[in-house]
Structure formats: structure tokens, C-alpha cells
Amino acid sequence: MSSRVLKFTPAQIVIHVCGWFPLFITLYQVLTGNLTANPIQAVEQRLGRVALYFLIASLACTPIVTLTGWREPIKRRRALGLYAFMYTSLHFMVFAGVDYGLDLPQLAKLTSEKPFILLGLTAGLIFFALAITSFKWWMRQMGKGWQNLHRTIYLAGIIVVIHFAMARKANIATLSGDIIQPLLIGILLAILLLLRIPVIRRLASGLRQKLNSL
Amino acid sequence: MENKLNSIKPASSEITPESIYFSRRDFLKTMGFVSAGVLLAACGPRKSTPVSTASDKSESASTEVPIFDEFGDPANSFQEITNYNNYYEFSTNKQAVARLSSEFKARPWTIEVRGLVNKPGIFEISDLLKFEQKERIYRMRCVEAWSMVIPWKGFELGDLLDKVEPQTSAKYVAFTTLLDEDQFPGQGSNFYPWPYSEGLRLDEAMHRLTILATGLYGKDLPNQNGAPLRLVVPWKYGFKSIKAITRISLVENKPPTMWNTIAPREYGFYSNVNPIVDHPRWSQTSERRIGEYGRRETMMFNGYETEVASLYSSMDLSLNY
């Protein structure tokens, strides 16, 4: 029995608890009516935020290895990415199915007229493609193409942060208004992407090895 | 679409004539606001704050005289109106504003009226309460595409302006919120051009639907709703209805306003509720009435078209958004 439990690393337990907790707490709050006076919007926005957090976490895995030498995050990337996809799907379902009541003409109009919606949908489709090809079988089938496909997550990350910023009453161009959270997430994303540039990555891991050998 | 419109607009025979909805306040007055108070009890038993006196009176409060707007839609509950507030001086979290504003000092309070007027002055809030206080049941349409029906108490801004006698050169009215970072933690953020400012054209300000609200549901205005005094312009998006006003200036030129300064392409000076002239990022064609499951079609001028359209008859509303 105990040997079975030990098959999960602490990181795995944290990830899976964090993966399901927002869903259960939200369901609980829906049932108890404790989600502001505007619960549909509250749920919709929260699901989107949680998806964003998991996306950032999945994008943080490689930089964590670079900076710390701790290799486990690489193995957890897929789970984090799939939780990001799960919450993105729920976010989309609440938006289309509940907020707009599957009013397809209205949804089509929104998507064609509002860049904010189109960006969200684009990122969602990228997540979908990555999620269904996330299994080992696909990795083997696609070979080099798999890696190229999965690199579109960087693009999706940028799109999602813009989508998040556009949801706020703020001006992205002048960085004024309710911009602080999208700005912080954007800076974090930029750091995570920069740490993948080979030169920077070698510098960072070289620095780490030097520090370790001191 | 046709069906949805019908569900919003009742047959014309069902629409309360305006004269009656304006006089509902008299009815409420004669009831001593008992009905409103009892209604509050139904909404707020979980909150101990402003409803405690009424809360013991009735168990079956939901059957008491409800309040409706002229389309027959019920007013939102006191609980909803006081726990879902856009008030960035306290927080961008609408649910947190009630708690964060609980210590706000709305008394003593003075409002300076200055600029192009013959009789400028500094008014105590108690002076302003001497203007005839009226009950106005208004729809509030937020630019975020949600809406409420709110039974305000207040006086017509025109009453105050008449008293200070605007000069003929005065064309606009500028409003300013209190600047006090100790009381308004949000004003510590450098991302906004504090203090909050708003403006109206003089004829908009003089319109009888434009009020300075001093209360809601017959009670003093709660802090989270802009105590002690806020503007309410029901045909404009909610952000025009500036809260905690300390200064009113009559000016010749169009004054700067906060959201217009932040994002001029998105928040026009006029900001009339308009489902046709769309916000560049978000759709303004529909809205969710707080407490309802589906969305409603948004109405031109938020349903006040017959009263206010003449103010804009010579204007292109797609340019003057």
C-alpha cells in the first residue's frame, strides 16, 4: 500500500491537487450561490485565469531545469499543459454555452468582430491540437513535426496574455488602467520565453554550474 | 431576435406611464419606506450591515411590495446593489469594495461648486439634502455588459445648478472625486490619472433624469455605492456616474474625464448606452441583468430614448460615442 503512494512524487501530488481544487471549489460555490451577484461572469473569468496559470506553469518547466538543474519539471509539463487545456475548455464552454446560451449567430458575430474573442479562440484551438497530440503514440508518429507543433505553445502563451489584457478596462498601448495583472503575467511570460533562447539558456546553465562548483 | 426584444419590451399597455413611476416615490414616502425596508430584509439576512433594523420584521418579506422600473422589471436587491461595485479607488474586485469601504468617512463632507457661475459656494452635504429628495428607479448599464435596476434617492442636479446660476459661457459641468490615498488605497496606483473625473454637457447636466444620488432603497447612500453623493445619468454607461464627489466645476470647454483619458478610442466623452455604436473590444449589443440567467438586448440610451434622444438630434453618435 505505502509503496503505491510513494509512486507519486510531491510535485505530482501538488500538481494534481492544484489541478482539481479550482474546479471543485467553483462547483461548490455554484451550488451554494456564493459567486458574486454576477456568477456566470465570475465563473467564466476564473476558469480563464486558472487556465492561464497552468499555461504559465507548463512554460516554466524548461526554465526551471535551466536555472536549478532539477529535472523533474520536464516530466510534469504534459500534466500542467493538459490542466491548462481542461480549464480553457471549461472557460470556452461557459462563454459559449452559458454566457451566450449557444447563440451561434451571435457567437459568430462576436468572433468575427472582436479581436479579443478571436485571439481567445485561436489560443484555444492551439491548445486543442496540442492536447490531442500529447500522447506518446502521436509523438512517435509525428517525429520532428511533433516538436514543431508543440512549439506553437509559445505563440499561444503570447496570444493568451494579450487576450487577458484585452479583457480588462485598460489601455495596453499606454499601460494605463486595470493593467497590472496582465502586465505582471506578461513580464513573467517574457522571462520564461527569453530563457529558452539558446545563448541565454547556455549562459544561465553555465552560471548555475559555476555556482554549484563553488 | 424578435422574440428577445419582445421579452424585454412589454406591450405598450403594460408600460407604466412615466408620471406614475415618478410618483411611486410618493407612495414609498407615505409608506415611510417600510416596504423598501422589509424588502431589504429579504435580500440581506446574511449581511449584518445596514439592514439589521428591518431584519426582524418579516419572514415572508419576498411577498411585500416589490419595486419595478417602468418596463415592469424588478429592482435588484439591496444585497446585489451593495456587493457588486466598480469602485477602483477601493479595489478592482467588485466583491471586495463593500468590505474595503466600510470605514470610509462620508461625513462631514463638503462639495465645492465653482467655475462659471454667479454664486459659487461650498455646500455641506446637509445643505444638499434640503433639495427635494426623490425616488428614482433607474436602470444602470455597465460598460462591462451587465445591468441592474436601482431605486435611487437623490435630487436633480439641475436644482443645484439653478441655485449657483451658471453663466452663459458655461458649456460643460466637470465633476471630481475626493483625492485621499489614506481612504482610497486604489489611488496609490500610478496606472490611473487620479482623482476620478467626469463631465457632462450643460444640457445633459440640466436634464431632469440626471440626479445626484444621496441614497438607495430609501437609505443613506452606502459607502460602496459612492457615499455621500454620486452622479447618476441613467442613459449613459455606469462609469459616467462618478462617486464621492467633492467638486463640481462649470467650464467652457469639454473637461478631461478619467476613462476617456486612459483609452480615448474606447470610452468617449458622451458614452451614451448605444447597442449600435460598439465598443472596439467588447460587444455592447446585449447585457446580463444581474440575477438573470440569459442575456437581454441592450436598449438605445438604456431605454431612455424618448426622454433624451433630443439632446443629440444634431449629432452623429458614431463619431460622438
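The values are calculated or read from the model by the stated rules, or taken from the named source; none is laboratory data. None of these values were measured; they are calculated from a predicted model. All Cβ positions, glycine included, derive from the backbone under ideal geometry; neighbour counts span all protein chains shown.
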- Query: Do you know which residues across region A:173-186 are surrounded by fewer than 17 Cβ atoms within 10 Å (Cβ to Cβ) and either in a loop (DSSP other than H, G, I, E, B) or in contact (Cβ under 8 Å) with a residue 40 or more places away in the chain (or both)?
  - Reply: A:A173, A:T174, A:L175
- Task: Exactly one condition in (1) more than 14 Å from chain B (Cβ to nearest Cβ); (2) in contact (Cβ under 8 Å) with a residue 40 or more places away in the chain; (3) of a type in the set (F, W, Y) is not met by A:F164; state its number.
- Result: (1)
- Message: Return the residues of region B:243-264 that are in contact (Cβ under 8 Å) with a residue 40 or more places away in the chain and among the aliphatic types (A, V, I, L, M); say none if nothing qualifies.
- Response: B:A244, B:I245, B:I248, B:L250, B:V251, B:M258, B:I262
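Every residue, every condition in (1) of a type in the set (D, E, K, R); (2) at pLDDT 95 or above, yes or no:
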residue	(1), (2)
B:E266	yes, no
B:V277	no, no
B:W282	no, no
B:R289	yes, yes
B:R296	yes, yes
B:M299	no, yes
B:E305	yes, yes
- Item | Of the criteria (1) touching a His at 6+ places or on another chain (Cβ under 9 Å); (2) within 14 Å of another protein chain (Cβ to nearest Cβ); (3) of a type outside the set (G, A, S), which one A:T133 fails | (2)
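From the list A:W138, A:W146, pick out the single residue that is away from chain B (no Cβ under 14 Å), part of a helix (DSSP H, G or I), over 14 Å from the mean Cα position of the chain (by Cα) and crowded, with 16+ Cβ neighbours inside 10 Å. It would help to see each step written out before you state the result.
Details: A:W138 fails: crowded, with 16+ Cβ neighbours inside 10 Å.
Within the list A:W138, A:W146, the selection yields A:W146.
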- Message: Go through (1) within 14 Å of another protein chain (Cβ to nearest Cβ); (2) surrounded by fewer than 14 Cβ atoms within 10 Å (Cβ to Cβ) for A:T111 and report which single condition fails.
- Response: (2)
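For region A:95-105, check the following and say yes or no: at least one residue is within 14 Å of chain B (Cβ to nearest Cβ), more than 27 Å from A:L80 (Cβ to Cβ) and part of a helix (DSSP H, G or I). Show your work before the answer.
Step one: of region A:95-105, the residues within 14 Å of chain B (Cβ to nearest Cβ) are A:95-105.
Filter once more, keeping what is more than 27 Å from A:L80 (Cβ to Cβ): A:100-105.
From what is left, the residues that are part of a helix (DSSP H, G or I) are A:104-105.
For region A:95-105, residues within 14 Å of chain B (Cβ to nearest Cβ), more than 27 Å from A:L80 (Cβ to Cβ) and part of a helix (DSSP H, G or I): present.
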- Message: Just to verify a result, which residue in region A:17-51, among those that are exposed (fewer than 14 other Cβ atoms within 10 Å of the Cβ) and not hydrophobic (A, V, I, L, M, F, W, C), is farthest from the other protein chains (Cβ to nearest Cβ)?
- Response: A:Y28
- Task: From (1) within 14 Å of another protein chain (Cβ to nearest Cβ); (2) buried (at least 24 other Cβ atoms within 10 Å of the Cβ), pick out the condition that doesn't hold for B:I248.
- Result: (1)
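Name every residue in region A:51-94 that is of a type in the set (K, R) and touching a residue at least 60 places away in the same chain (Cβ under 8 Å), in order of residue number. Steps first, please.
From region A:51-94, those of a type in the set (K, R) are A:71, A:75-78; that's our starting set.
Of everything in region A:51-94, just one residue is of a type in the set (K, R) and touching a residue at least 60 places away in the same chain (Cβ under 8 Å), namely A:R76.
Right, B:S147: within 15 Å of the chain's Cα centre (by Cα), within 17 Å of A:T36 (Cα to Cα) and either modelled with pLDDT under 95 or small (G, A, S) (or both) or not?
In short, yes.
Just checking: which of the strands (runs of 3 or more DSSP E) contained wholly in region B:81-175 hold 2 or more residues that are touching a helix residue (DSSP H, G or I) at 6+ places or on another chain (Cβ under 9 Å) and touching a residue at least 60 places away in the same chain (Cβ under 8 Å)? Even if it seems obvious, please write down each step before you answer.
Details: elements: B:110-115, B:121-124, B:134-141, B:146-156.
So the answer is B:110-115, B:134-141, B:146-156.
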- Residue within region B:309-320 that is within 22 Å of B:F155 (Cα to Cα), within 20 Å of the chain's Cα centre (by Cα) and surrounded by 15 or more Cβ atoms within 10 Å (Cβ to Cβ) present: yes
- Note on the structure: Checked pairs for region B:179-198, first within 13 Å of chain A (Cβ to nearest Cβ) and free of Cβ contacts under 8 Å to residues at least 60 places away in the same chain, second surrounded by fewer than 20 Cβ atoms within 10 Å (Cβ to Cβ) and among the acidic types (D, E), C-beta under 7 Å and 6 or more apart or across chains, list as B:G188/B:E181
- Query: Within region B:287-299, how many residues turn out to be within 22 Å of the chain's Cα centre (by Cα), surrounded by fewer than 18 Cβ atoms within 10 Å (Cβ to Cβ) and either closer than 16 Å to A:P105 by Cβ or hydrophobic (A, V, I, L, M, F, W, C) (or both)?
  - Reply: 1
- In the set A:L211, A:L184, the lone residue that is among the aliphatic types (A, V, I, L, M), away from every other protein chain (no Cβ under 14 Å) and out of contact with any Ser or Thr (no Cβ under 9 Å at 6 or more places or on another chain) is A:L211
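Quick check on this structure: which one of A:L189, A:L193 is away from chain B (no Cβ under 14 Å), farther than 23 Å from A:K114 by Cα and crowded, with 20+ Cβ neighbours inside 10 Å? Steps first, please.
Details: A:L193 fails: crowded, with 20+ Cβ neighbours inside 10 Å.
Residue meeting the stated conditions: A:L189.
Looking for whichever is surrounded by fewer than 24 Cβ atoms within 10 Å (Cβ to Cβ), farther than 18 Å from B:V143 by Cβ and away from chain A (no Cβ under 14 Å) here; the options are B:L209, B:L216. Which one fits? Spell out how you get there, then give the answer.
Working: B:L216 fails: surrounded by fewer than 24 Cβ atoms within 10 Å (Cβ to Cβ).
Sole residue among the options that is surrounded by fewer than 24 Cβ atoms within 10 Å (Cβ to Cβ), farther than 18 Å from B:V143 by Cβ and away from chain A (no Cβ under 14 Å): B:L209.
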